[in-house]
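Trainee: One structure coming up, written as structure tokens, with questions to follow.
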Amino acid sequence: GDQVGFAFSEDLTMENMMQAAHAAAAIANDKNARVKAKAIGEIRPRNLYPIGELATTSDLSKKLAFINEANTAAKAYSPKIIRVTCGFNDEVKYLAYANSDGVSWQDMQPLFLFNTSCIAEDGTQRQTGYEAGGGRIGLEYFSKKRNAAMIAKEAARLAVLNLSAQDAEAGPQTVVLGNADSGILLHEAVGHGLEADFNYKKLANYSGRVGQKVASELCTIVDEGTFENMRGTINVDDEGNPPAATTLIENGILRGYMNDRISAKQMGVPNTGNGRREAYNYAPMPRMTNTYMLAGKSDPEEIIKSVERGIYAKRFSGGSVDITKGDFNFAVTESYLIENGKITAPLKGVTLIGNGPDVMTKVTMVGNDLKFTDGGWTCGKSGQSVPVGMGIPTVKVSEITVGGTKTRKA
């Protein structure tokens, strides 16, 4: 049935584990269920996060060297940088799983993030900049992708840039979303509405709309947990299913949802391998892995040239989202004015306000420059947090409401 029973034990004795099993069965309380446990056979999932040098076991002096490198680079960027803070976060999760279908597996999930934040000062004004990089990867990140100095310089650049930023005009405007980091808007305002539990309960805008047009024909959205070393990648989901490349929206047509075991059963569809949870003491639910929009055919420069006046939104921070309806309010941390087809003055105080499904219908150009985020995005849902990745090419939206401190010119 639809009733799910969940219980856990922190004591791995047979007695306590059996008590947890009986408690979960009592909660589910399905008198018609006839389940016979199958013999356990271990699956060996492919390793999607090969590690060169695991950060958690590396010498502390190496980590301090990366921090010193970042600190020196950020301070050398500009005399306006007055404070630099660097963070080195790394962990490894060891997981073991078995179910009554006879499936068992083990996994080691590394996670690494290096971040730098800077404060720039000019007279009485102060601004901040932040940059991070990492994934399910080891210290080889610094040689294969970006070194610590590159991350620090980017944080310093953003802090100094914002010192010269102008106030943004408020009101509906044409908005060009930059590639990579704008994927957070796609993830939060659209992706959550495509998780199957919301749709089975008919709580999302996309409920019952499979096969219908829900976005511009330029939009194809995929969730894929199989990219090597990416933050949202998983060797296997928390229910023993391999991750997949799941097409959610194809050329504007809704094709399906992200499922876990129970929602796939309820909806009579294949399991997509999206059953995830924060830890053993949480129940799995449909969650995103690496969610992205496929590249289009437009040159990013041509997209900018097509805008007479508008906003170029490149980086985002926090915001608020009604994840079932898709209503959003996002703060933009790096944005620029577009005038006569050219990016001009940097802006501050920009927020984007709207509805994700509505914005998807207003996409008029999609760039050929798909890029994935390289930072430390973590997704929250129902009190659980899991690491995720996201990507998007440059995208032109004909109209989004922009929050700002200036009245828009007629």
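Read-outs: derived from the displayed coordinates by stated rules, not from any lab. Just so you know, these numbers come straight off a predicted model, no measurement behind them. Note: ideal-geometry Cβ built from the backbone for every residue, glycine included; neighbour counts use all protein chains shown.
Trainee: In region 153-170, whose amide N lies under 18 Å from the spot 7 Å out along Cα-to-Cβ of residue 406? List them in ranges.
Mentor: Correct set: 161-170.
Trainee: Cut-off is 10 Å between beta-carbons; in what order do 322, 90 appear when sorted fewest neighbours first? Walk me through the numbers before you get to the answer.
Mentor: Numbers: 322 15, 90 18.
Listed from fewest to most nearby Cβ atoms, that is 322, 90.
Trainee: Identify all aspartates and glutamates with a Cα-Cα distance to residue 153 below 14 Å; exclude those on the same chain that are fewer than 8 residues away in sequence.
Mentor: Counting by Cα, and skipping residues close in sequence, residue 153 has these aspartates and glutamates nearby: 69, 131.
Trainee: With equal scatterers on the alpha carbons only and no solvent term, can you work out the Debye log10 of I(q)/I(0) for region 105-176 at 0.11, 0.15, 0.23, 0.28 1/Å?
Mentor: The Cα Debye sum returns log10 ratios of -0.45, -0.68, -0.96, -1.14.
Trainee: For the residues 381, 36, what sequence is obtained by ranking on other C-beta atoms within 10 Å, fewest first?
Mentor: On the way: 381 18, 36 5.
Going from sparsest to densest Cβ surroundings: 36, 381.
Trainee: Rounded to the nearest 10 degrees, what's the angle between the helix 14-28 long axis and the longest principal axis of the chain, both from Cα atoms, 0 to 90?
Mentor: Orientation of helix 14-28: about 80 degrees from the principal axis.
Trainee: Place +1 on the Cβ of every Lys and Arg and -1 on the Cβ of every Asp and Glu in the chain, take the dipole about the Cα centre, and give the residue among 258, 49, 352 whose Cα lies farthest towards its positive end.
Mentor: 352
Trainee: Over the Cα atoms of the chain, each weighted equally, I'd like the Debye log10 I(q)/I(0) at q = 0.07 Å⁻¹, rounded to two decimals.
Mentor: -0.37
Trainee: Turning to a different aspect of this structure: Give me the percent relative contact order of the chain, please, defined on Cα pairs under 8 angstrom at least 6 residues apart.
Mentor: Working: 1060 pairs, mean separation 74.5, N = 410.
The value is 18 percent.
Trainee: Okay, moving on. Treating only the Cβ atoms of Lys and Arg (+1) and Asp and Glu (-1) as charged, compute the dipole magnitude of the chain about its Cα centre; round to the nearest 20 debye. Present the calculation step by step, with values, prior to reporting the outcome.
Mentor: Details: 45 positive and 46 negative charges, 113 e Å.
The dipole magnitude comes to about 540 debye.
Trainee: Please give the charge dipole size of region 253-410, origin at the Cα centre, charges +1 on K and R Cβ atoms and -1 on D and E Cβ atoms. Round to the nearest 20 debye.
Mentor: Numbers: 21 positive and 14 negative charges, 40 e Å.
About 200 debye.
Trainee: Listed highest first by mean packing, meaning other Cβ atoms within 10 Å per residue, what order do 340-348, 300-308, 3-11, 216-224 come in? Before the final figure, lay out the partial values.
Mentor: On the way: 340-348: 15.3, 300-308: 16.9, 3-11: 12.8, 216-224: 20.6.
By packing density, highest mean first, the sequence is 216-224, 300-308, 340-348, 3-11.
Trainee: For region 370-410, list residues with backbone N below 12 Å from a point placed 7 Å from the Cα of residue 6 toward its Cβ?
Mentor: Residues passing the 12 Å test: 381-385.
Trainee: Of 290, 251, 281, which is the most mobile in a GNM of the chain whose springs link Cα atoms less than 10 angstrom apart?
Mentor: 281
Trainee: Just to confirm the number: angle between the C-alpha axis of helix 60-77 and the first principal axis of the chain, 0 to 90 degrees, nearest 10?
Mentor: 20
Trainee: Another question about this same structure. Restricting to DSSP H runs of at least four residues, report the calculated mean residue ellipticity at 222 nm for the chain, -39500 (n - 2.57) per run over all residues, nearest 500 deg cm²/dmol. List each step's numbers first, then the result.
Mentor: Working: 9 runs with 81 residues, N = 410.
So the calculated ellipticity at 222 nm is -5500 deg cm²/dmol.
Trainee: Using the structure shown, select from 62/297; 75/348; 145/348; 265/325; 213/348; 265/362 the pairs with a Cα to Cα distance greater than 32 angstrom.
Mentor: 62/297; 213/348; 265/362
Trainee: Next question, about the same structure. Kindly put 388, 395 in sequence by how many other C-beta atoms sit within 10 Å of each C-beta, fewest to most.
Mentor: Numbers: 388 26, 395 30.
The order, fewest Cβ neighbours first, is 388, 395.
Trainee: A follow-up question, please. Tell me the Rg and the Dmax, in Å, that the Cα atoms of region 169-407 produce.
Mentor: 17.4, 55
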